[in-house]
């Protein structure tokens with residue numbers, strides 16, 4: 001009788017241990033998948049940020065008139081010699097609608113386009129959910145007046161196309177850029 005109780009106790013304790021081990025393994029697998037998706041969104045963001053940082057630092061290079069032409073919260077058009085060939089290029093960054101990125105399970109993602117002189121040179125894979133451009137004046141205050149622009153703040157949010165626990169792992173990148181070549185307002189620009 002004693003050996004039966006010991007056997008049943010061992011089976012129960014062994015079962016509890018196995019369930020705990022399986023639960024731990026399941027949590028570890030889920031955590032690993034989440035971190036992998038976060039890393040993928042970070043890598044996507046990092047590679048595109050290099051291009052944006054390169055281009056935005058060149059705003060106004062070789063330009064005698066205002067370097068920033070058109071801006072809204074989802075796009076920016078500017079002039080710069082981005083390929084350093086001595087010719088001023090028109091560069092546009094714009095964000096698509098969610099309908100154009102419908103090939104992924106994430107309903108919020110979009111495609112970020114980079115167009116140089118009317119030719120689309122780069123477009124991100126779906127995953128960008130936000131692209132914002134803000135203009136700052138010489139004091140760091142937000143401005144909508146292009147001639148008063150001294151700095152550009154770029155913010156991009158990238159989400160994984162796959163969700164984990166009902167959420168899409170995301171990466172947010174925000175950078176303030178003060179292009180050296182940006183035409184600054186002076187008294188000469190206003191006729192003294």
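Once you place label points 7 Å from the Cα toward the Cβ at residue 31 and residue 99, how far apart are they in nm?
Taking the two extended label points, one gets 4.4 nm.
Using only the alpha carbons of segment 2-190, determine the length spanned along each of the three principal axes and report them from longest to shortest in whole angstroms.
102, 35, 27
Read the figures in this text as sums done on the coordinates, not as results from a lab. This one's a predicted model, so the numbers in the text were calculated from it and none came from an experiment. So basically every Cβ, Gly included, is an ideal-geometry build from the backbone, and we count neighbours across all protein chains shown.
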